[in-house]
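Asks: Got a structure for you, written out below as structure tokens; questions coming shortly.
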Amino acid sequence: MMESQAKNSPENLVSLTAVDDSNSADVPNLKGDWHNLFVLLLLYTMQGIAGTGLCIGIPVLLQINKNVTYKEQALFSMVTWPYSLKMLWAPLVDALYVQKMGRRKSWLIPVQYLIGGCFIYMGKNIDEWLPETGKPDVLKLFYVVFFVQTLVATQDIVVDAWALTMLKKNNVVYASNCNLVGAMLGIMINSLFLTVFTSEDFCNKYLRFAPAKGGLVTNAYLFYCWAVLFILITTSIIIFKKEKDNRLEVNYVKLNIIQNYLLVLDILKIPSIWVLTIALLTTEIGFAATSQSLITLKLIDAGLPKDNVMVIISSMYIVKIITPIIVSKYTSGPKPMSVYLKLIPFRIIWSITFVVFIYYINNGKIDFPIYNYVILVFIFLINYSTFTTMSVARLAWFNRISDPRFGGTYMTLLNTLSHISIHWSTSIAIFMIDVLTFKECSLDYKNNCSTSNLSNTCKSNGGSCIVNVDGYYMESAMCILFGIGWYYIFKRKLINVQAKSSSHWMVNVKNNKVMKNETTGYKMVENL
């Protein structure tokens, strides 16, 4: 009893802000944690199904329809933004919860039920929004999928945080494996079902003995299945999965909303954070013209069967799972950003192969025998391996510099900057293709075919829209030049920033004055 009181004394509680410099990490031992790993893997798989898997599949279906412009595709690509902006409400997820329900289940349960409800709504309306013929209702699709992605981003915050307490302390390192494997599995499953198993041509060619109308499943049926899956799994978690009482955690502290948001400001006060922020927000511009979303659209637009393209792209998720294991010995060293920087010139050069490949497709200089698919797979293989290695190196550095006292907020902020870079550059790259493309009607040189109405007018008069300048190639050149400039500007800056000691990245928490420990009733005063 006396020892317990001594541990909970004010003097010991005040020492909460001290950083533990010990390196006595326990050796991982999965005994007793296998069921927790399964739960995390399941939750991350659901995240992949409702998140990126949905965002990959629907643009492909829109492109097949042939009644959407790249500007409309650019609008829809913005559905991924909630994942990049989740830092705006992450402090609310940490600060607000119902204690009896559990700190993480308070958010997880309603969020996943809402995702299931959204899938029911989509199943009911998807045939109207995305008809086989006619103009798709891109705006309604955008609104619904955007709301789903907001829910998925919230689920990601919750599951990432719950993983830190669900697993034993010595097994928390396996949470990232569950994240990667589960998310990639979910993405691969949903993108394949949406684009391949709903395809009549693919199913008749590869999956049926006799031709039949439609795919193995319809879009509506698929969304209903995902809805049932989310509802059943969420209900099972309510019944069978207990959450640890967070008040029993070592050095438990309940931060209010204001203190959580002030913590973000404290991180941003670190001088080198601003150099890193600018670098992270602009790093993907150099590769925007060869991003997965844009390359998929261009390959389909150039005449490759969408089923074959989606099978190739979906198989690349296996590369994303294997590559981190292979390169771990290189990215786990003291200078992971050196690996990142060394790969940038190679990735810029390799992106040219995509542009050349698409150029020859559009000019009819190659057909598509098996060996050309082998070439395409090889191009994708190298590109994804490079991209994944750079992502692992960047994440390894984030883990090194993040203040361990506030790792969740710190890591979320850095990851958010990276995601914003990918999504905003991709959205703008898709939008700018139409802007940089110059066309002319074969019967009327004054008609530049810049809108759907002008294009239809040209076609109704018996003419065709001739492309004088393809905006994709102009944009690709601009992105490559920007990537070269970025490399020479930020290479030395990031090397210098990487050389700074871990103490440089510690957060000064002068603004967080008083916090109350609900278990002991003591008030802890920090850095007054």
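The values are calculated or read from the model by the stated rules, or taken from the named source; none is laboratory data. Just so you know, these numbers come straight off a predicted model, no measurement behind them. Cβ: placed from backbone, ideal geometry, glycine included. Neighbour counts: every protein chain shown. Only protein heavy atoms, including side chains, enter the accessible area calculation; ligands, DNA and RNA are left aside. Shrake-Rupley method; radii C 1.70, N 1.55, O 1.52, S 1.80 Å.
Asks: Under a 1.4 angstrom probe, counting protein chains only, how are 486, 350 ranked by accessible area, largest first?
Replies: 350, 486
Asks: Here is a follow-up. Assuming R0 = 56 Å, what is the FRET efficiency of residue 139 and residue 330, from their Cβ-Cβ distance, to the nearest 0.05?
Replies: FRET efficiency, residue 139 to residue 330: 0.80.
Asks: Taking R0 as 30 Å, what's the FRET efficiency between residue 461 and residue 71 from their Cβ-Cβ distance, rounded to 0.05?
Replies: The pair residue 461/residue 71 has a calculated efficiency of 0.80.
Asks: Using a 1.4 Å probe and ignoring any ligands, DNA or RNA, find the accessible area of residue 374 and quote it in Å² to the nearest 10.
Replies: Estimated to the nearest 10 Å², residue 374 gives 90 Å².
Asks: Determine the alpha carbon to alpha carbon distance for each of 105/500; 71/446; 66/446; 168/493; 241/306; 205/439 and list only those over 29 Å.
Replies: Correct reply: 105/500; 168/493; 241/306; 205/439.
Asks: Along region 49-61, what does the Karplus equation 6.51 cos²θ - 1.76 cosθ + 1.60 (θ = phi - 60°) give for ³J(HN,Hα), rounded to whole Hz, x for Gly and Pro?
Replies: Couplings: 5, 7, x, 4, x, 5, 6, 8, x, 5, x, 5, 4 Hz.
Asks: In square angstrom, rounded to the nearest 10, how much accessible surface does residue 104 have for a 1.4 Å probe?
Replies: Residue 104 has an accessible surface of roughly 20 Å² with all protein chains in place.
Asks: Based on the Cβ-Cβ distance from residue 34 to residue 443, what FRET efficiency comes out when R0 is 51 Å, to the nearest 0.05?
Replies: 0.15
Asks: Full-extension gain between residue 452 and residue 100, please, as 0.36 nm times their residue separation minus the C-alpha to C-alpha distance.
Replies: 121.1 nm
Asks: Sticking with this one: I want to check the label-to-label distance for residue 374 and residue 88. Put each point 7 Å from Cα in the C-beta direction and report it in nm to one decimal.
Replies: Distance between the two pseudo-spin positions: 5.0 nm.
Asks: With θ set to phi - 60° and the Karplus curve 6.51 cos²θ - 1.76 cosθ + 1.60, what are the ³J(HN,Hα) couplings of region 467-481 in order, to the nearest whole Hz, using x for Gly and Pro?
Replies: 7, 7, 9, 7, x, 5, 6, 5, 5, 4, 5, 5, 5, 4, 5
Asks: While we're on this one: Residue separation times 0.36 nm, minus the C-alpha to C-alpha distance between residue 205 and residue 228: what's the value?
Replies: Stretched out fully, the residue 205 to residue 228 stretch lengthens by 5.3 nm.
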